[in-house]
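Q: Input: one structure, supplied below.
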Amino acid sequence: MSAPGKTEPAGAIARARTGDADAWGELYREYAPAIFRFCRRALPTREDAEDATMDVFMKLKDKLVQYDQSRSFTAWLYKVAANHCWDVLRRRKTRQDKETEDVENVPLEHPDPNQLDKLIEQRTSEEVRRALEKLGARARMALVMRYYSDMSYDEIADALGVRRAFVGVVLLRARHELRQALGQGGALAAGGAS
Amino acid sequence: MKEKDDSLRDDALQHLDEMTCLLYIERQLDRAKAQEVSAHTQECGACRTLLRALERESRLLTRAMLEEEEALPARLAQFQERARESMQWIWTLAFGLAATGVYALYTGYIEPWQRQLEQAGFGGSNLLSLLIFQGAFWKGWPSMITLLEVLALVTLGGFAVAFLRKRVGRGSALAIVLAGFCAALALQPASALASETRKGESVGVAHDETINGDIFLFGDRVRVDGTVDGDVFLFGNDVNVDGHVKGDIFAFAKFLQVNGNVDGNIRAFTNTMTIRGTVAKNVLTFDDVVNLESAAKVGGSLTIFVQKLNLEGNLGRDLLIFTKHFTLSGKVGGGIRMKGDLLTINSNAQVDGPIHYEGNKEAEVAAGAKLASPVDYHKLEHKPKYMEAHYYVWQVIWAAAFVVFGLVLFQLMPSFSGEAVGNAERYGASFGLGVLVFFGVPIAACIACVTVVGLFVGISTLFVWYAALYYAQLVVGGLVGQWLMGRTRETWPLIGRMAVGIVIVRLSTLIPEVGGWIKFGLILWGLGAISLTLYNRFQPSIAANAPPAPYPPSPLPPNTTVGGMQPA
């Protein structure tokens, strides 16, 4: 992705919309690594991520005319990637159908902040990445959309096909799953009261 | 002192739940609620700590995800859109060629054969359906079972599975379809399935005995002296039919002599067959030597694959023959179509139809022979096949047919096919198992055929084995494609790789001298991979609460805890 703070190549985008092959190459070189990493985080294997990256750019070429230039290109690109990755997971039936669950079902509890602090302090990025791979499709997808590509709750709700009010629940549950995967079960992962 | 005050205040406060804290740090609360949370955290140390922990967790997540621990894969280094577009052309071409291939196959081979067989009195069925499907295994279906109809049924079944898969699981869908077929089978008239079996050193139907229904006879010496009002299935070393069979004869024997009357057809695999009696309908047979003696009468046609045929008797209709040497001294009521080495027509022979003979030597026709027309002779040409253009055209058509076959199989069994391609990378195991299955399965199937119960199983196994020989090449093609284009777990990309790989595999099998051996090796390899996948599928999976394996745990690396690495 364009690194945070980096300007988006508006000229290349405009030229690519007219079918300029060089501009396409420029966009691809600029964004392919970020999209590959996004797919790598969201999908189970490296091969899946490679295929998905190719597919996203194929779709991009068809959809570029629909892109609203007044909005962030990066955000729009991530939206395309997120939709594609979720479609891939959905086709494989790895998606967890929890759409019917309600916000009220979330445990409104207060975990032990010190335990959580300790857990975060002890874990490395590598361990977090490995733990992410163990999560369910929806949980991983939600975390990637929120904390990798900084997508809004509305965009996440739209991509996952859930109500906006449910996004927080999905994210919180995902964090619980992640903590469990990081090796800390029990009250902390389940959001148990202090 | 301050900490103590915080602690006392905390005890008195109702803590914020984690959901509210998360929404607060994510800036998802409305202004009033956010102010409420803010005010609470001024007072409550525990909630303040939780907010901080959640924020740190968010940062840890972002950092972990943004780190570039993997370089962009080489295949993504350049946008491969053009390659993808060209694949669409390959698909179009493959489908076009496949359609052409099917049409050419039908018009070039199937249709002429069908016509020939129809002329020879086999009424609309083709050879394969005659051999396998008609009567012998599905009694009561003879009027409907042709190969085409079987293919139609299989296709229908495939569509049904595909349709049901969207609604129920794959296993359930297959079960429903199979149950449907079984139900259809069960609806056949029960009487049609009635049969009797006799086994022994020397078995048969006695002279004064009458069997109402079909009979299966197994023995070293088998004799049918009585009357059978049904079909006769004969399996033996020395087989004699001197009685009266009102149905058909199916024989697997070393020596078969038919001295009696058969109202139906004879279909046989023998070493030596001699007919002295009367066969009202047709004879279809695979043998070493066949003698139709002067007393023999066959009312229908004779279709025969044999080393040597002596025809002294009377054949009512056409003769279709693949042989080394055919000597004709009797009468043929129809025409003759022969492919072989030598045709000898003696002076007392009579042929009422045309004679088409394709062979190595010109036909020897005695002066007194009564022929409706001169022998139409074509010398067999033995030009190297590599020199002929149509050989390459057919190779292209075959490659396309392979791609379509693979497309269907990989679509029907995506997971199995993916696993098989993966298992092909276990080279030693695949090849070893392939050798075992290649030679072992046909032997086992033939053994199964010896028993009545195993006949259907044996023949079916042989068919599955034969189909697996083609599937094996597709699996290897899939692997070769993955070598070139990278690994994948998606079905369509895997099919794409298979298509590319199978073209290369087919090309490698065209290399003069060694191509055949390459093909053989590839078949063994792929067959082993398929077998390995099947073997893995049938292995019981270990339950989550199963007791641990009786092996000592591997030592943990230093500075490791059960929960992960200790911080330095």
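Q: For region B:284-300, enumerate the residues that are in a strand (DSSP E or B), modelled with pLDDT of 90 or more and under 22 Å from B:Asn237 (Cα atoms).
A: Selection gives B:Val289, B:Val290, B:Asn291, B:Leu292.
Q: I'd like the residue in region B:31-76 that is at the interface with chain A (Cβ under 9 Å from one of its Cβ atoms) and polar (S, T, N, Q) and, out of all such residues, is farthest from the chain's Cα centre (by Cα).
A: Once the filter is applied, the top-ranked residue is B:Thr49.
Q: Keeping to region A:142-155, report how many residues are surrounded by fewer than 17 Cβ atoms within 10 Å (Cβ to Cβ) and at the interface with chain B (Cβ under 9 Å from one of its Cβ atoms).
A: Summing the residues that are surrounded by fewer than 17 Cβ atoms within 10 Å (Cβ to Cβ) and at the interface with chain B (Cβ under 9 Å from one of its Cβ atoms) in region A:142-155 gives 1.
Q: It is to be established whether one or more residues within region B:484-503 are touching an Asp or Glu at 6+ places or on another chain (Cβ under 9 Å), modelled with pLDDT under 90 and on the phi > 0 side of the Ramachandran plot.
A: yes
Q: Select from region A:156-194 the residues that are at pLDDT below 85 and either away from every other protein chain (no Cβ under 11 Å) or in a helix (DSSP H, G or I) (or both) and list them in ascending order.
A: Within region A:156-194, A:Gly186, A:Ala187, A:Leu188, A:Ala189, A:Ala190 meet the criteria.
Q: Taking region A:21-45 on its own, how many of its residues are in a helix (DSSP H, G or I), out of contact with any Phe, Trp or Tyr (no Cβ under 9 Å at 6 or more places or on another chain) and facing chain B (nearest Cβ under 7 Å)?
A: Total meeting the criteria: 3.
Q: Collect the residues in region B:313-329 that are buried (at least 19 other Cβ atoms within 10 Å of the Cβ) and closer than 16 Å to B:Arg276 by Cβ, keeping them in residue-number order.
A: Answer for region B:313-329, where residues must be buried (at least 19 other Cβ atoms within 10 Å of the Cβ) and closer than 16 Å to B:Arg276 by Cβ: B:Gly313, B:Leu315, B:Ser329.
Q: Test B:Thr303 against the stated conditions and say whether it is at pLDDT below 90, under 30 Å from B:Lys379 (Cα atoms) and either crowded, with 24+ Cβ neighbours inside 10 Å or outside the structural domain of B:Asn212 (by TED's automatic domain parsing) (or both).
A: Judged against the criteria, B:Thr303 is a match.
Q: Looking at B:Phe431, is it surrounded by fewer than 19 Cβ atoms within 10 Å (Cβ to Cβ), within 23 Å of the chain's Cα centre (by Cα), modelled with pLDDT of 85 or more and in the same structural domain as B:Trp525 (by TED's automatic domain parsing)?
A: yes
Q: For residues that are more than 12 Å from the chain's Cα centre (by Cα) and among the β-branched types (Val, Ile, Thr), scanning just region A:139-174, find the one that is farthest from B:Thr62 (Cα to Cα).
A: That would be A:Val162.
Q: Taking region A:46-77 as the region of interest, how many residues are within 14 Å of chain B (Cβ to nearest Cβ), in contact with an Asp or Glu (Cβ under 8 Å, 6 or more places away or on another chain) and either aromatic (Phe, Trp, Tyr) or crowded, with 22+ Cβ neighbours inside 10 Å (or both)?
A: 3
Q: Test of understanding: among B:Leu292, B:Leu311, B:Leu320, which residue is within 24 Å of B:Tyr357 (Cα to Cα) and touching a residue at least 40 places away in the same chain (Cβ under 8 Å)?
A: None of the other options fit; the residue is B:Leu320.
Q: May I ask you to list the residues in region A:119-141 that are under 23 Å from A:Val167 (Cα atoms) and more than 7 Å from every other protein chain (Cβ to nearest Cβ)?
A: A:Ala131, A:Leu132, A:Glu133, A:Lys134, A:Leu135, A:Gly136, A:Ala137, A:Arg138, A:Ala139, A:Arg140, A:Met141
The values are calculated or read from the model by the stated rules, or taken from the named source; none is laboratory data. Worth saying up front: this structure is predicted, and the values here are computed from it rather than measured. Cβ sites come from the backbone with ideal geometry, for glycine too, and all protein chains shown count toward neighbours.
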